[in-house]
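The values are calculated or read from the model by the stated rules, or taken from the named source; none is laboratory data. This is a predicted model, so every value here is computed, not measured. Cβ coordinates were reconstructed from backbone atoms using ideal geometry, including for glycine residues, and neighbour counts include every protein chain displayed.
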Amino acid sequence: MAVDHTQAPVLEALMEYRRTGQLSFTPPGHKQARGADPAVREVLGDAVFLGDVLASGGLDDRLMRGRVLERAEALMADAVHAEHTFFTTCGSSLSVKAAMLAVAGPHEKLLIGRDAHKSVVSGLVLSGIEPIWVEPRWDARLAIAHPPSAEDFEAAFRSHPDAKGALITSPTPYGACADLRSVAEVCHRRGLPLIVDEAWGAHLPFHSDLPSWAMDAGADICVTSIHKMGSGLEQGSVFHLQGDLVPPELLKMRSDLLSTTSPSVLLYAGLDGWRRQMALHGSDLVGGALELAADVRSAIEDIDGLHVNDRDDFCGPGLADDFDPLPVTMDVSALEITGYQAADWLREHRSLNTHLMDHRRISAQITHGDNQDTVGELVAALKDLAQAAAGLRTGPQVDVPSPADLRMEQARLPRDAFFGPAEHVPVSQAAGRIAAEMITPYPPGIPAVLPGERLTEPVLRYLVTGREAGMNLPDVTDAHLDTIRVTASAVE
């Protein structure tokens with residue numbers, strides 16, 4: 001049956017709500033902006049408040065008989081070749097936890113790429129799932145991790161035949177992609193599901209020159225942040241499902257455990273409108289972004305001291321399988337500065353914010369929302385950065401471990417270490433102790449330390465020197481990193 005993608009059920013229901021003059025004696029208490037603080041109204045505009053209505057008993061009736069959300073989710077599923085789609089308003093951090101809970105339970109095993117986002121680790125803490133870590137493909141020359149290969153997952157399944165499924169992150173925030181079709185085949189030969197954390201891949205279904213999208217590659221569950229590479233509002237996320245390995249009612253039930261009972265219709269509207277935009281014009285919009293990114297990459301490569309990581313850097317034997325060019329990742333190491341210094345200088349001196357930064361890189365995310373003016377400002381600012389770099393070279397440097405030193409023993413389950421008896425010890429005395437907290441350089445949000453891992457001197461040195469160099473560690477219990485939370489010595 002033909003699907004009409006000119007429809008936008010959430011947006012149309014909001015228009016009808018206003019047209020019929022609905023008067024609500026319900027939350028939200030601002031009552032269509034009338035009660036909002038005037039200063040807030042001046043900054044945000046009344047449109048925000050006018051779109052902020054209840055999902056049931058507002059956008060739809062109390063029994064959801066208009067099927068507004070259901071119809072919007074069905075249209076999204078059709079647009080990206082999924083069988084089922086679920087909207088969430090708590091970001092992909094919620095979506096990925098729901099997906100994990102639908103595949104494995106307490107003390108059951110799940111194969112997970114160790115380059116997973118901190119939300120995955122939070123899912124382990126909440127669920128009690130036992131992670132079987134699958135090592136990423138590590139490029140020691142560039143000090144960067146790429147997604148594990150299908151062969152890596154095959155070997156992990158052979159060692160752990162009782163695992164309930166697998167989870168992989170692709171694309172990475174840097175744009176490196178896995179061969180998802182091959183990883184899915186590894187899982188499906190065993191009748192097990194594959195979860196793909198594709199938070200950075202909302203645009204992938206809409207242009208043939210981009211890496212394969214998870215649903216087309218045969219994944220069972222895919223999590224996507226529409227607010228990252230799409231046009232949705234922050235926290236707007238979807239997860240998609242296909243096949244019969246995970247029942248849709250089970251996935252929805254697991255999601256309901258974590259979801260809010262007061263979802264933001266504003267976020268639903270952003271998701272619905274983005275789907276319509278992409279279904280009708282996605283190929284042209286994403287194609288324009290790809291052309292713009294190619295021009296930007298060429299212009300930045302001409303700046304002395306900057307190198308733009310491209311397919312030749314990231315793909316090849318032992319490296320990533322594919323590459324998304326829209327995250328424009330620049331290596332600043334030839335300028336003898338860190339990515340933290342570069343990002344801080346660009347914000348302070350050029351009012352320009354980069355997507356991510358690490359000890360040697362910054363990244364500028366290009367989307368269909370960019371144009372010649374925005375990228376022109378980016379290139380001009382980067383030229384100025386290259387000129388100013390000489391004055392920044394006295395800053396502290398990060399002591400990055402070798403791939404062998406970066407990984408630590410998972411001595412206890414993340415949940416047991418996180419919730420068990422714990423104490424704080426000085427960093428100088430923490431080597432050999434079991435971590436009871438997560439420590440995550442952010443962005444991109446991939447934990448360096450997980451609850452339950454036995455701490456080592458190289459990783460501790462990396463974090464201490466990283467913090468001194470400007471690394472953001474938002475989840476440490478001691479913001480100064482003078483101490484680390486570890487499991488109590490009596491239980492180690």
Quick check on my filter: what residues within segment 90-118 are crowded, with 21+ Cβ neighbours inside 10 Å and within 12 Å of the chain's Cα centre (by Cα)?
S92, S93, L94, S95, V96, D115, A116, H117
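Among what's in segment 248-281 and is of a type in the set (S, T, N, Q) and part of a loop (DSSP other than H, G, I, E, B), pick the residue that is surrounded by the fewest Cβ atoms within 10 Å (Cβ to Cβ).
Going through segment 248-281, the residues of a type in the set (S, T, N, Q) turn out to be 255, 259-262, 264, 277.
After this cut, where a residue has to be part of a loop (DSSP other than H, G, I, E, B) as well, the list is 259-262, 264.
Values: S259: 18, T260: 10, T261: 7, S262: 11, S264: 19.
Of everything passing the filter in segment 248-281, T261 is surrounded by the fewest Cβ atoms within 10 Å (Cβ to Cβ).
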Return the pairs, sorted by first residue and then second, in which the second residue is among the hydrophobic types (A, V, I, L, M, F, W, C) and part of a loop (DSSP other than H, G, I, E, B), the first residue lies in segment 300-321 and is within 24 Å of I337 (Cα to Cα), the beta carbons are less than 8 Å apart, and the residues are 6+ apart or on different chains.
I300/L306; G305/V332; L306/V332; N309/L142; D313/L142
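If you check Q7, Q32, Q22, which single one turns out to be surrounded by 13 or more Cβ atoms within 10 Å (Cβ to Cβ), at pLDDT 95 or above and not aliphatic (A, V, I, L, M)?
Details: Q32 fails: at pLDDT 95 or above; Q22 fails: at pLDDT 95 or above.
It is Q7.
Select the strands (runs of 3 or more DSSP E) contained entirely in segment 106-198, then report the ones holding at least 1 residues which are of a type in the set (K, R), out of contact with any Ser or Thr (no Cβ under 6 Å at 6 or more places or on another chain) and within 18 Å of Q410 (Cβ to Cβ). Before you say what the answer is, go through the steps one by one.
Numbers: elements: 109-113, 130-134, 137-139, 144-146, 166-169, 194-197.
In segment 106-198, 109-113 are the strands (runs of 3 or more DSSP E) which contain 1 or more residues that are of a type in the set (K, R), out of contact with any Ser or Thr (no Cβ under 6 Å at 6 or more places or on another chain) and within 18 Å of Q410 (Cβ to Cβ).
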Name the pairs whose Cβ atoms lie under 7 Å apart, with the first residue in segment 123-136 and not assigned by TED's automatic domain parsing to the domain that holds A155, the second assigned to a helix (DSSP H, G or I) and acidic (D, E), and 6 or more positions between them or separate chains?
none
Sole exception among (1) assigned by TED's automatic domain parsing to the domain that holds G466; (2) surrounded by 14 or more Cβ atoms within 10 Å (Cβ to Cβ) for E409, by number
(2)
L245, sole failed condition from (1) assigned by TED's automatic domain parsing to the domain that holds C90; (2) surrounded by 15 or more Cβ atoms within 10 Å (Cβ to Cβ); (3) over 23 Å from the mean Cα position of the chain (by Cα); (4) not in a loop (DSSP other than H, G, I, E, B):
(4)
Taking segment 8-48 and keeping residues farther than 23 Å from G273 by Cα and either in contact with a His (Cβ under 8 Å, 6 or more places away or on another chain) or polar (S, T, N, Q) (or both) leaves S24, T26, A36
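To keep it simple, each residue is scored yes or no on (1) over 22 Å from D478 (Cβ atoms); (2) surrounded by fewer than 16 Cβ atoms within 10 Å (Cβ to Cβ); (3) more than 26 Å from the chain's Cα centre (by Cα); (4) not assigned by TED's automatic domain parsing to the domain that holds I362.
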{"site": "A380", "(1), (2), (3), (4)": "yes, yes, yes, no"}
{"site": "Q387", "(1), (2), (3), (4)": "yes, yes, yes, no"}
{"site": "A422", "(1), (2), (3), (4)": "no, no, yes, yes"}
{"site": "G432", "(1), (2), (3), (4)": "no, yes, yes, yes"}
{"site": "E437", "(1), (2), (3), (4)": "no, no, no, yes"}
{"site": "P444", "(1), (2), (3), (4)": "yes, no, no, yes"}
{"site": "P447", "(1), (2), (3), (4)": "no, no, no, yes"}
{"site": "T456", "(1), (2), (3), (4)": "no, no, yes, yes"}
{"site": "G466", "(1), (2), (3), (4)": "no, no, no, yes"}
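Please return the ranges of helices (runs of 4 or more DSSP H) entirely within segment 401-481 where 3 or more residues are without any contact (Cβ under 8 Å) to a residue 12 or more places away in the chain and in contact with a strand residue (DSSP E or B) (Cβ under 7 Å, 6 or more places away or on another chain).
none
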